[in-house]
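These notes concern the structure reproduced below.
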Amino acid sequence: MVNLKDYAPFTGLLIFGNIENLILASEGAVAHVDPFILGGLSLILVVIWLLIGTYGTKMAIKYADYIEIIGGLAIIILGLQSMLEAMGII
């Protein structure tokens, strides 16, 4: 049985990870990537992350604080990179 309390420490990553997924998808659309390929790859990665999250949570729960910090930092860096690329700075 899935207990939602197990996932509570990862709530921030779930929310901001989904936002980052939308940013990356919009970058693909702007770059004129085939939408079917982009959609297919996005679905594959979502399923992979779902499996990792489902089975890895019990193992990683003791490292939740570190995972949250590293994941949040990665999301911020990728978001900044995509904004800078959109503005033509990099």
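The values are calculated or read from the model by the stated rules, or taken from the named source; none is laboratory data. Please read these numbers as outputs of a predicted model, since none were measured by experiment. Don't worry about glycine lacking a Cβ; one is built from the backbone with ideal geometry, like all the others, and counts go over all protein chains shown. Remember, those area values only see protein heavy atoms, side chains included, never the ligands or the DNA or RNA. Shrake-Rupley method; radii C 1.70, N 1.55, O 1.52, S 1.80 Å.
Among the residues of region 57-64, is there at least one that is among the hydroxyl-bearing types (Ser, Thr, Tyr), closer than 15 Å to ALA8 by Cα and modelled with pLDDT of 80 or more? There is at least one residue in region 57-64 that is among the hydroxyl-bearing types (Ser, Thr, Tyr), closer than 15 Å to ALA8 by Cα and modelled with pLDDT of 80 or more. When we screen GLY72, GLY79, GLY56 for residues that are assigned to a helix (DSSP H, G or I), over 26 Å from ASN3 (Cα atoms) and within 16 Å of the chain's Cα centre (by Cα), the only hit is GLY79. Among the residues making up region 1-40, those that are among the small types (Gly, Ala, Ser) and in a helix (DSSP H, G or I) are ALA8, GLY12, GLY17, ALA25, SER26, GLY28, ALA29, GLY39, GLY40.
Let's see how each residue does on (1) within 15 Å of ASN21 (Cβ to Cβ); (2) open to solvent by less than 50 Å² (accessible area, probe 1.4 Å); (3) in contact (Cβ under 8 Å) with a residue 40 or more places away in the chain:
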| site | (1), (2), (3) |
| --- | --- |
| GLY40 | yes, yes, no |
| ILE52 | yes, no, no |
| TYR63 | no, no, no |
| ILE69 | no, no, no |
| ALA74 | yes, yes, no |
| MET83 | no, no, no |
